[in-house]
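Each value in this text was obtained by applying a stated rule to the coordinates, not by laboratory testing. Computed from a prediction, not measured in an experiment: that's the story for all the values here. Note that each Cβ is placed from the backbone with ideal geometry, even for glycine, and that neighbours are counted across all protein chains shown.
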Amino acid sequence: MKHILIIEDESIAAQHLERTLHDVIPDAQVDSILQSIEESVEYFKGGAHPDLVFLDIHLADGLSFRIFDSISIDCPIVFTTAYDQYALDAFKAGGFDYLLKPINRDDLQNTLSRLERLQAPSASQINTLSTQLKQNHYQSHFLIPMRDKLIPVEVKQVACLYLEDKISRAILLDGREQIIDRPLDVIMEHLDPDRFFRANRQYIVSHDAIREISIWPISKLALTLSVPTPDRIIISKARVAEFKQWYTK
């Protein structure tokens with residue numbers, strides 16, 4: 001909320017508001033002080049995008065509500081006026097708040113604090129953003145060399161990856177196999193750990209491909225996937241708790 005526009009035709013009122021803003025938000029930047037409807041419309045048509053607008057209702061060329069007949073303002077608007085009869089009109093015009101002149105520091109602080117709380121991201125928004133960042137970070141495709149081509153394979157189509165004769169192979173959900181020309185350790189570093197689990201030194205398994213989990217002797221687990229695998233996939237006793245936490249989260 002650093003770039004602020006003031007639309008006010010009384011220079012003393014505009015200067016008072018600017019001083020009070022800097023008192024409440026020391027690093028606030030008042031980009032411009034406009035005085036009329038015509039000037040304001042031209043300003044926004046020029047592509048301006050302030051973070052917050054303080055808009056006086058009575059301007060030199062009429063009521064400022066006429067601005068919205070020509071343009072829309074996407075940022076929060078705080079209407080200012082010496083008259084309280086326009087409050088309903090101000091909120092109908094999409095105003096965030098309505099401050100009576102002369103604007104005092106406490107009222108301004110209260111308005112800005114409420115606006116800051118509303119604009120702060122919620123926990124769910126933060127989690128969504130975190131998930132999106134993770135998804136953007138992890139590998140989404142493999143490129144499989146085949147003769148003179150590179151064949152793209154989506155990671156989400158992989159049921160498991162396994163090591164055989166020092167060669168990494170992927171088994172896809174449709175049962176096809178592909179050679180991946182990288183060690184399993186390197187492959188795992190680039191996979192989403194919410195979707196893939198390193199079952200043992202030989203296998204990496206996809207959460208979506210697990211169809212059955214069996215109790216195996218000596219407190220181990222055995223996994224059955226939706227596709228056939230060359231070997232039984234065993235989770236060691238030491239990693240059972242980690243696997244259960246991964247699978248159920």
Fill in the blank from the handout: Convex hull around the C-alpha positions of region 3-120: the volume in Å³ per residue is 97
Exercise for the section: With N denoting the number of residues in region 137-248, provide Rg(C-alpha) divided by 2.2 N^0.38 Å, to two decimal places. Expected result: 1.05
Problem - Lys, Arg +1 and Asp, Glu -1 on Cβ, resulting dipole of region 158-228 about Cα centre, debye, nearest 20 - result: 200
Exercise for the section: Mind giving me the nanometre distance, one decimal, between the label points for S226 and V24, set 7 Å out from Cα along Cα→Cβ? Expected result: 5.5
Problem - Charge dipole magnitude, Cβ of K and R +1, D and E -1 - the chain, Cα centre, debye nearest 20 - result: 2340
Problem - Phi to ³J(HN,Hα) by Karplus 6.51 cos²θ - 1.76 cosθ + 1.60 over region 63-71, Hz, x for Gly, Pro - result: 6, 5, 4, 5, 4, 6, 6, 10, 9
Practice task
Mind checking the full-extension length gain between D89 and D31? Use 0.36 nm per residue of separation minus the Cα-Cα distance, one decimal, nm.
Solution key: 18.3 nm
Fill in the blank from the handout: Length gained, R201-I71, 0.36 nm per residue minus C-alpha separation, equals 40.5 nm
Completion exercise
Expressed to two decimals, the chain has a Cα Rg over Rh, using the Kirkwood radius, of 1.31
Exercise for the section: Please work out the Cα convex hull volume for region 1-59 and give it in Å³ per residue. Expected result: 66
Completion exercise
Per the charge dipole of the chain (beta-carbon charges, Lys/Arg positive, Asp/Glu negative, Cα centre), the residue among T80, A48, A159 reaching farthest to the positive end is A159
Fill in the blank from the handout: Only helices counted: for the chain, with every DSSP H run of 4 or more residues adding -39500 (n - 2.57) and the sum spread over all residues, [θ] at 222 nm is -9000 deg cm²/dmol
Exercise for the section: Based on the mean of other Cβ atoms within 10 Å per residue, sort peptides 55-64, 89-98, 183-192 so the most packed one is first. Expected result: 55-64, 89-98, 183-192
Problem - Length released on extending from Q109 to K45, taking residue separation times 0.36 nm less the Cα-Cα span - result: 20.0 nm
Completion exercise
Of the candidates S226, I187, W216, the farthest towards the positive dipole end of region 137-248 (Lys/Arg Cβ +1, Asp/Glu Cβ -1, centred on the Cα centre) is W216
Handout entry: Neighbour-limited loop hits for trypsin sites (Lys or Arg not before Pro), region 151-227 (at most 14 other Cβ within 10 Å; DSSP other than H, G, I, E, B)
Key = K166, R176, R201
Completion exercise
Long-range amide H partners of L225, meaning residues 5 or more apart or on another chain whose placed amide H is closer than 5 Å, are R211
